[in-house]
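The values are calculated or read from the model by the stated rules, or taken from the named source; none is laboratory data. Remember, it's a predicted structure, so these values are computed and weren't measured experimentally. Cβ atoms come from the backbone with ideal geometry, glycine included; neighbour counts cover every protein chain shown.
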Amino acid sequence: MNILEKIIAQKAGVKTVKVGDELTVKVDLAIAHDVTAPMAIKQFRSINVDKVFDKERVVFVMDHCVPCATVDSRQQQKYIKEFAQEFGTRLFDKSEGVIHQVISDEKLYKSGDLIVGADSHTCTAGAYGAIALGVGSTDLAAVMALGTIDMEVPVTHLIRIEGSLSKGVYAKDIILHVIGMFGTNGFTDRGVILSGSTILGLSDDEKMTISNMMIEMGAMIGYIDQSKEFDAKYIGKVSKETVILAEDIQPVAACPSSPDNIKVIENIEGVKINQAVIGSCTNGRISDMIIAAEVLKDRKVSENVNLVVCPASKKVLTEMEHQGLTKILRDAGAIVTNPGCGPCYGAHQGLLNHDDIAISTTNRNFPGRMGHKDAQIYLASPRVVAESAVQGHIVRPGTVIPLEV
C-alpha cells in the first residue's frame with residue numbers, strides 16, 4: 001500500500017485496502033464556512049439527531065463575507081452561531097481569517113488525519129500530511145452526525161519535483177506549472193502525492209500554497225510528503241510517477257479564464273492592469289506579505305491600479321503589524337482589509353467591473369469569479385502581483401527590485 005492507502009486503511013479499521021475499495025472511514029475533523037454551513041446545518045436538523053459526533057471536531061469559520069455585505073449573509077451567520085451555541089461546536093466568527101488558515105493557526109491539521117470540509121480548497125490540509133476531502137453540504141451534515149464518511153480508494157499518482165528553483169520562482173509558480181501540465185481535469189477522482197527534494201525543502205507556508213491549488217487539477221486528494229528526504233519505499237506503490245526538474249519551472253501566470261491557461265510571464269509582460277490582489281487561502285500568509293512589502297517599501301502603487309491586500313488570518317495581520325508591514329503597504333497606496341476571503345469569492349471588498357483586468361494571488365480565475373463575468377483575471381505569485389501593481393502592467397519578477405543573488 002502507498003501512504004494514502006495506509007491512512008485510509010487505518011481510518012477504516014482494516015489491515016489493507018486497494019484501489020476501488022468502498023469503505024466507511026473515521027473523520028478526525030469536519031469544517032465549514034459561512035456559505036456552506038447553513039445548508040449543512042439545515043440538513044443536520046432534518047435527520048433529527050440531538051448531538052454532533054464530537055463538538056471539538058466540528059468547526060465553523062465565518063470568512064467569505066465578513067463583515068456581512070448583504071442581509072442574507074447576516075441571517076446565515078446568525079443561523080450558524082445559534083447552532084454552534086446550541087450544540088457546543090467550535091466557532092470563529094470575529095474575522096479570524098480564511099477557514100483553511102484559521103485551522104492551521106489553531107494547529108488542528110495533523111499528519112495522518114482525515115479531514116472533511118464543505119469547501120473545495122479543503123485540500124490545503126494536505127500540506128500537513130492529512131487526507132482532506134472537499135464535500136457538499138449534505139455530505140457534511142452526515143459527517144457532523146456520524147463522524148464517518150463513505151469513500152472509494154482512489155488511484156494515486158506521484159509527482160516528484162527535484163532540484164533547486166531559479167530566482168524569482170515561488171511556490172505559486174510550482175503549482176501553476178503542474179496544473180498547466182495536467183489540466184484542470186488531469187486528476188479527477190484521483191489522489192496526488194507531491195514529493196522530491198524541491199517540495200520537501202519548502203516551508204509550511206509554501207506547501208500550503210501548493211496543496212491549496214491541487215483541486216484545480218481535479219485531485220480528490222492532494223497530499224504533500226512529510227519526509228525529510230524522498231523515500232520511494234515510504235511513499236509506496238503508486239499507479240504512475242512524474243518527475244519534474246525544478247530548473248524547468250519559470251515565473252508564470254494563469255491567464256483568463258482558467259487556472260490551466262498557463263503562460264510564462266515574459267510572454268505576457270506589458271498587459272495593463274487596474275486591480276491587484278494579494279491574499280486569500282492561497283497566498284495570504286506572512287511570508288507572502290513580507291515579499292509584497294519588500295517590493296512596495298518606499299514606492300507607490302500605480303495611480304491606475306487598486307491594490308487590495310487581504311491577510312489570511314488575524315494571526316497573519318497581527319504579525320504584519322508587529323513587523324511594520326501594514327504601514328509599508330498602506331503608505332504605498334494599498335488597501336489592507338480585515339482577515340478573510342476578500343474579493344476572491346466575488347462577494348465584496350473589491351469586485352471587478354466588466355472592463356477590469358486584475359492580477360491576483362488567489363486560486364481561481366473563472367468568468368465571474370471575482371465580479372463581472374467579462375472581467376479578466378491573471379493568477380500569479382505575490383512577487384509578480386506586487387511588482388505589477390507598482391508598474392501598472394504585468395512584469396516579470398526582478399523588474400522593480402533586483403532578485404536576490
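A quick yes/no check of all residues on (1) closer than 27 Å to MET217 by Cβ; (2) surrounded by 15 or more Cβ atoms within 10 Å (Cβ to Cβ); (3) of a type in the set (Gly, Ala, Ser); (4) in contact with a strand residue (DSSP E or B) (Cβ under 6 Å, 6 or more places away or on another chain):
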{"position": "TYR234", "(1), (2), (3), (4)": "yes, no, no, no"}
{"position": "VAL238", "(1), (2), (3), (4)": "yes, yes, no, yes"}
{"position": "GLN250", "(1), (2), (3), (4)": "yes, yes, no, yes"}
{"position": "ALA276", "(1), (2), (3), (4)": "yes, yes, yes, yes"}
{"position": "ALA292", "(1), (2), (3), (4)": "yes, yes, yes, yes"}
{"position": "VAL309", "(1), (2), (3), (4)": "no, yes, no, yes"}
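Of the listed requirements (1) touching a residue at least 40 places away in the same chain (Cβ under 8 Å); (2) farther than 16 Å from GLU5 by Cα; (3) out of contact with any Lys or Arg (no Cβ under 9 Å at 6 or more places or on another chain), ASP205 misses just one: (3). Hey, could you check the range 210-265 for residues that are of a type in the set (Val, Ile, Thr) and in contact with a Lys or Arg (Cβ under 6 Å, 6 or more places away or on another chain) and say which is nearest to ARG364 (Cα to Cα)? Looking at the filtered set, the residue picked out is ILE265.
Yes/no matrix, rows are residues, columns are (1) outside the structural domain of VAL17 (by TED's automatic domain parsing); (2) at pLDDT below 95; (3) among the charged types (D, E, K, R):
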{"position": "GLU162", "(1), (2), (3)": "yes, no, yes"}
{"position": "LYS172", "(1), (2), (3)": "yes, no, yes"}
{"position": "ILE179", "(1), (2), (3)": "yes, no, no"}
{"position": "GLY201", "(1), (2), (3)": "yes, no, no"}
{"position": "ILE221", "(1), (2), (3)": "yes, no, no"}
{"position": "ASP225", "(1), (2), (3)": "yes, no, yes"}
{"position": "LYS228", "(1), (2), (3)": "yes, yes, yes"}
{"position": "LYS240", "(1), (2), (3)": "yes, no, yes"}
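Given the condition surrounded by fewer than 22 Cβ atoms within 10 Å (Cβ to Cβ), of a type in the set (Gly, Ala, Ser) and under 30 Å from LEU23 (Cα atoms), answer yes or no: does some residue in the range 63-73 qualify? Looking through the range 63-73, none of the residues is surrounded by fewer than 22 Cβ atoms within 10 Å (Cβ to Cβ), of a type in the set (Gly, Ala, Ser) and under 30 Å from LEU23 (Cα atoms). Cβ separations smaller than 9 Å between residues 6+ apart or across chains give the following pairs from the range 322-340 residues that are under 16 Å from ALA389 (Cβ atoms) and surrounded by 17 or more Cβ atoms within 10 Å (Cβ to Cβ) to residues that are modelled with pLDDT under 95 and not polar (S, T, N, Q): THR337/PRO343; THR337/GLY350. ILE149 falls short on exactly one of the conditions (1) assigned to a loop (DSSP other than H, G, I, E, B); (2) touching a Leu at 6+ places or on another chain (Cβ under 8 Å); (3) not small (Gly, Ala, Ser), and that condition is (1).
Listed conditions (1) in contact with a helix residue (DSSP H, G or I) (Cβ under 7 Å, 6 or more places away or on another chain); (2) closer than 19 Å to ASP205 by Cβ; (3) modelled with pLDDT of 95 or more; (4) surrounded by fewer than 24 Cβ atoms within 10 Å (Cβ to Cβ) are all met by SER302, apart from (2).
Looking only at the range 134-152, residues that are among the hydroxyl-bearing types (Ser, Thr, Tyr) and under 14 Å from VAL25 (Cα atoms) come to 1 in all.
Here's a check for you: in the range 367-400, which residue that is in a loop (DSSP other than H, G, I, E, B), of a type outside the set (Asp, Glu) and out of contact with any Lys or Arg (no Cβ under 9 Å at 6 or more places or on another chain) is surrounded by the fewest Cβ atoms within 10 Å (Cβ to Cβ)? Selected residue: LYS373.
For ASP105, indicate whether it is in contact with a strand residue (DSSP E or B) (Cβ under 6 Å, 6 or more places away or on another chain), crowded, with 21+ Cβ neighbours inside 10 Å and of a type in the set (Asp, Glu). Against the criterion (in contact with a strand residue (DSSP E or B) (Cβ under 6 Å, 6 or more places away or on another chain), crowded, with 21+ Cβ neighbours inside 10 Å and of a type in the set (Asp, Glu)), ASP105 does not qualify. Might you check whether a residue that is crowded, with 22+ Cβ neighbours inside 10 Å and within 21 Å of ASN338 (Cα to Cα) occurs anywhere in the range 15-31? Within the range 15-31 (the criterion being crowded, with 22+ Cβ neighbours inside 10 Å and within 21 Å of ASN338 (Cα to Cα)), the answer is no, since none of the residues qualifies.
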